[in-house]
Amino acid sequence: MNGLTFDIAHLLAGGLVLVSFMMLYQDRLFALINVFALHAIVLALSVAWQAYIQDAHHLYVTAAIALIFKAIIIPVGLHRIIQRLGIHRDIETAVGIGPTMLAGIGLVTLSMVLMLRVTPDADPLAREDLAFALSIILLGLLVMVTRRNAVSQVVGFMSLENGLVLAATGAKGMPLVVEISVAFSILIAFIVIGVFLFRIRERFDTVDVGALDDYRGEHR
Amino acid sequence: MISGAAVLLWGVAALLGTAVLAIASSHGSGSGTRLIYSLTLGISAAVLLVLASRIADDPVTPSTVALPLGLPWIGAHFRLDALSTFFLVVVDFGGAMASLYGLGYGRHESAPHRVLPFFPTFLAGMNLVVLADDAFTFLLSWEFMSLASWALVMAHHREQDNARAGYIYLVMASFGTLALLLAFGLLAGPSGNYTFEAMRAAASTPLVAAFVLALMLLGAGSKAGLIPLHIWLPLAHPAAPSHVSALMSGVMTKVAIYGFIRVIFDLLGEPAWWSGVVVLFLGGLTAVLGILYALMEKDLKRLLAYSTIENVGVIFVSLGLALAFKANAMPSAAALALTAALFHVLNHSFFKSLLFFGAGAVLTATGERDMEKLGGLIHRMPLTSFAFLVGCVAISALPPFNGFVSEWLAFQAVLQSPDLPQWGLKVMVPAVGGLLALSAALAAACFVKAFGITFLGRPRTSAVERAHEVDRYSLAAMFTLAGFCLLAGILPGLVIDGLSPVTLSLVGSRMPVQMAQPWLSIVPIAESRSSYNGLLVFLFIAVSASFAAFVIHRFASHALRRGPAWGCGFPDVTPAAQYTSVSFAQPIRRVFGTFAFRAREKVELPAPGETGPARLTVEIHDVIWETFYLPIGRAIDFATDHLNHLQFLTIRRYLTLVFLFLIVLLLVLALWP
């Protein structure tokens, strides 16, 4: 593998991590969804590049799935949901932006240290990819943990899944079936969560998951 | 010709078949009970015959069987060698006697369907533990044995305190098995080869050996009743029906000791010298505290259970000595100590079974276990009381019975300690010898109390006045055991020579051949140092006692006269004015009680002129329960109370917990050297 292909793959995966960071400090829902769309686009590019350098044509399908579903359909759907719920003016973070960013940096460091240590014998591209993928997964979890709104938790969950796809495509020989099933399950989860959101909204007049806790008789 | 181990496995299969038969027939009347106990008696006797022929023929060559059962990559291995042959004799002799006793005792059983299926299962489990030759089979059989005995403890689950006894037993048994599991895991090492053969071949590092010793002391020690892990024993053993109590006390604790010997002496390789110190210390502590607890007890079966703890302590002292000698390459002294331990194993299975049978007979005849409500039974149950007396004398280590021989051998081993090179051992061994002597003396006091309060004096309740002698099966079992107590006492050389293959295989040496000595003497080391002749002592006691009786009756008084008991001048003495078990133990409680039990006595005197009675209140604490177990219980309560909040967190906090735990795991992975 020559230097340029490696560098481009590296750049795209690193870009994905960067977009994950951007997701961390969005406190408006629309902006968050837009960044998520960007996340999906970068993922599609990265997967497409992997398909090109590995000469694995089925990965183009994965890239297309990422582009169509995650970069277009899901963000558009979420926009509509937010508008119908009338929460597009909400500002929400459970934890301040500064600490969240610091925690994100810590997580990326941790995943770099860990991955580079446990995979000394692997292909350098796969190594880097795995390290970035782990960072994205952890950052996605961090988004889920630091948000109160169910919509942004869904976004965090889906960015986590993007990390999984990146890891899967970075390693050679991952069959398409796996990716399709993962993508499909994410879609199902998206639908289910969407339905739930409306249910919650109908019952409690809000999508702040804190209302669920109030309903259970618990208070933060 | 099928091998010895295979024959014994058929015996186990027959026992399990009997258990199935018992499930089918136990709801019937007495005939089902008779059938099951006859079958277990027959099977145990047949197994004993096989073992006897093996001992006479060739006890050394191991006989192995591998069955394709259990985990597919391990299978089930069984092995019959000198050590397991000896312990199988103990198990099956105890089983045969308990079955014989059960033929009579079982007729009074109120819930036979709760006892009959589990009795053969329990016997089968103990046989399997001793036969097992890989860790998986061992642990499986061990749990099988534990659960079967637990079911027997719970046979009368509606009686007061039995459910609590069963619960504590179950918790302690699980804890012990966990310790054993970890010990075998360490022995198997990273290669994970769970057959005993591979463990024997593998060498352990000193650190691993130390952990294995600690875990075996926890695992086998909790089952055997080492202090402070004994806590379940005095609750569970008396709760079971008496013949099962006899099996649990006389035999199951020995199976635990077998496990300890098998791992520490056989599988672990060369011991470190300090391991002897640890075992000696625990053994000495167990012996003294066990018998002190027994002295404070007024429930006959609980007293016997506590005395079991004392005897286990005595056995562990001898085992500790054997370890110390083995570590210092003194094989003949190690053989002496190990012989003492194994001899005491055999003896204790004899006399503890006998005593539990006697307690069961008293329970059948009077319905009482509380000694304060018994008394005067010697006139109503003369045969039982004679057998019980033999058991008491034997367990008090008085010649010419068997208890004396094994304790004497233990003291002979203690006297070898000046040859040990380490100062720690040189100081420790005589100190533990002192504890051993103390416990032997206290045991004598304890059994004077047990016999005196129960069988002598005047009846304290009307139930005792109506008591009758028990049936002939129970008596046959008791007298057989009493006979064996005497036989092992006057023919100790036979037993010692029989134990020589075991000591040869475990410590590489044996005691001198004893049957070659003239007049059945035993000489542990050399004639110039010490020798003992049980037969001579027996003959002397018999002759001098007969002579004294003859002289008294010939010259002093011709007739047997019964006069009124002298009541220290009181005109009207009720039976309540007799010595009670508490008052008998009072001097010992005064001496040891303050430190061992935080005992306190309080006297409330009425003011002058008042007519109310004066009261003496004695307050006794179970220090071990309060120091070790109550704090654990409180900690668990505290933890569960506070962890309960985790049931009611918000969704985001659950996510955060999962996330943090993931981070911690990743950090561990990142920082692991």
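The values are calculated or read from the model by the stated rules, or taken from the named source; none is laboratory data. From a predicted model like this one, the values you see are computed outputs, not experimental measurements. We place every Cβ from the backbone using ideal geometry, glycine too, and count neighbours over all the protein chains shown.
Points worth noting:
- Test: A:VAL165 is out of contact with any His (no Cβ under 9 Å at 6 or more places or on another chain), more than 14 Å from chain B (Cβ to nearest Cβ) and modelled with pLDDT under 65: no
- Residue within the range A:150-158 that is more than 20 Å from A:LEU18 (Cβ to Cβ), in contact (Cβ under 8 Å) with a residue 24 or more places away in the chain, polar (S, T, N, Q) and within 10 Å of another protein chain (Cβ to nearest Cβ) present: yes
- So B:ALA488, is it of a type in the set (A, V, I, L, M, F, W, C) and closer than 18 Å to B:VAL345 by Cα: yes
Per-residue answers, yes or no, for (1) at pLDDT below 95; (2) surrounded by fewer than 23 Cβ atoms within 10 Å (Cβ to Cβ); (3) polar (S, T, N, Q):
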| residue | (1), (2), (3) |
| --- | --- |
| B:ALA132 | yes, no, no |
| B:GLU159 | yes, yes, no |
| B:VAL171 | yes, yes, no |
| B:LEU186 | yes, yes, no |
| B:THR195 | yes, yes, yes |
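- Here is the figure for the range B:580-601: residues that are touching a helix residue (DSSP H, G or I) at 6+ places or on another chain (Cβ under 7 Å), in contact (Cβ under 8 Å) with a residue 60 or more places away in the chain and of a type outside the set (A, V, I, L, M, F, W, C) total 3.
- Just one of the numbered conditions (1) assigned to a helix (DSSP H, G or I); (2) more than 30 Å from B:LEU475 (Cβ to Cβ) is not true of B:TYR306: (2).
- Filter result for the condition that a residue is of a type in the set (Gly, Ala, Ser) and at pLDDT below 90, over B:SER63, B:SER84: B:SER63
- On the stretch given as the range B:24-55, residues that are at pLDDT below 85 and hydrophobic (A, V, I, L, M, F, W, C) total 1.
- Check on A:LEU102, closer than 30 Å to A:ARG147 by Cβ, at the interface with another protein chain (Cβ under 10 Å from one of its Cβ atoms) and out of contact with any Lys or Arg (no Cβ under 7 Å at 6 or more places or on another chain): no
- Selected residue (only one of B:GLU109, B:GLU143 is surrounded by fewer than 23 Cβ atoms within 10 Å (Cβ to Cβ), under 21 Å from B:GLY42 (Cβ atoms), touching a Ser or Thr at 6+ places or on another chain (Cβ under 8 Å) and in the same structural domain as B:ILE23 (by TED's automatic domain parsing)): B:GLU109
- Every condition in (1) surrounded by 11 or more Cβ atoms within 10 Å (Cβ to Cβ); (2) more than 14 Å from chain A (Cβ to nearest Cβ); (3) not in a loop (DSSP other than H, G, I, E, B) is met by B:PRO606 except one, and the failing one is (3).
Quick grid of which residues meet (1) of a type in the set (S, T, N, Q); (2) in contact with a His (Cβ under 9 Å, 6 or more places away or on another chain); (3) touching a residue at least 40 places away in the same chain (Cβ under 8 Å):
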residue	(1), (2), (3)
B:LEU282	no, no, yes
B:LEU289	no, yes, yes
B:LEU292	no, no, yes
B:MET296	no, no, yes
B:LEU303	no, no, yes
B:THR308	yes, yes, yes
B:GLY313	no, no, yes
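- Residue within the range B:631-643 that is facing chain A (nearest Cβ under 10 Å) and either in a loop (DSSP other than H, G, I, E, B) or small (Gly, Ala, Ser) (or both) present: no
Residue-by-condition table, conditions (1) at pLDDT 85 or above; (2) away from chain A (no Cβ under 13 Å):
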{"site": "B:ILE624", "(1), (2)": "yes, yes"}
{"site": "B:THR627", "(1), (2)": "yes, yes"}
{"site": "B:ARG653", "(1), (2)": "no, no"}
{"site": "B:VAL658", "(1), (2)": "yes, no"}
{"site": "B:TRP672", "(1), (2)": "no, no"}
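- Some residue of the range A:172-187 being farther than 30 Å from A:THR5 by Cβ and modelled with pLDDT of 70 or more: no
- Lone qualifier among B:VAL495, B:VAL513, B:VAL470, B:VAL573 - being over 30 Å from B:ASP81 (Cβ atoms), in the same structural domain as B:THR384 (by TED's automatic domain parsing) and either of a type in the set (Val, Ile, Thr) or surrounded by 13 or more Cβ atoms within 10 Å (Cβ to Cβ) (or both): B:VAL470
- Residue satisfying condition, being modelled with pLDDT under 90 and buried (at least 21 other Cβ atoms within 10 Å of the Cβ), within set B:ALA6, B:ALA76: B:ALA76
- Test for A:ASP7: is it modelled with pLDDT of 85 or more, charged (D, E, K, R) and more than 20 Å from the chain's Cα centre (by Cα): yes
- Filter pass, B:PRO524 being under 33 Å from the mean Cα position of the chain (by Cα), assigned by TED's automatic domain parsing to the domain that holds B:ILE291, more than 29 Å from B:GLY95 (Cβ to Cβ) and surrounded by 13 or more Cβ atoms within 10 Å (Cβ to Cβ): yes
- Residues being over 27 Å from B:ALA98 (Cβ atoms) and in a helix (DSSP H, G or I) - total across the range B:339-375: 1
- Single condition A:VAL108 does not satisfy, out of (1) surrounded by fewer than 22 Cβ atoms within 10 Å (Cβ to Cβ); (2) at pLDDT below 85; (3) closer than 22 Å to A:ALA40 by Cβ; (4) within 14 Å of another protein chain (Cβ to nearest Cβ): (2)
- B:ARG460 vs. criteria touching an Asp or Glu at 6+ places or on another chain (Cβ under 8 Å) and touching a residue at least 12 places away in the same chain (Cβ under 8 Å): yes
- Checking each residue in the range B:54-84 for being touching a residue at least 12 places away in the same chain (Cβ under 8 Å), more than 19 Å from the chain's Cα centre (by Cα) and part of a helix (DSSP H, G or I) picks out B:ARG54, B:ILE55, B:ALA82.
- Residue that is buried (at least 24 other Cβ atoms within 10 Å of the Cβ) and within 23 Å of the chain's Cα centre (by Cα), where the choices are B:ALA410, B:ALA437, B:ALA441, B:ALA445: B:ALA410
- Of the candidates B:SER332, B:SER245, the single residue that is over 20 Å from B:ASN127 (Cα atoms) and in a helix (DSSP H, G or I) is B:SER332.
- Subset tally (residues that are within 24 Å of B:LEU51 (Cβ to Cβ) and of a type outside the set (A, V, I, L, M, F, W, C)) for the range B:510-523: 2
- Filter result (more than 9 Å from chain B (Cβ to nearest Cβ) and in a helix (DSSP H, G or I)) within the range A:116-135: A:LEU116, A:PRO124, A:LEU125, A:ALA126, A:ARG127, A:GLU128, A:ASP129, A:LEU130, A:ALA131, A:PHE132, A:ALA133, A:SER135
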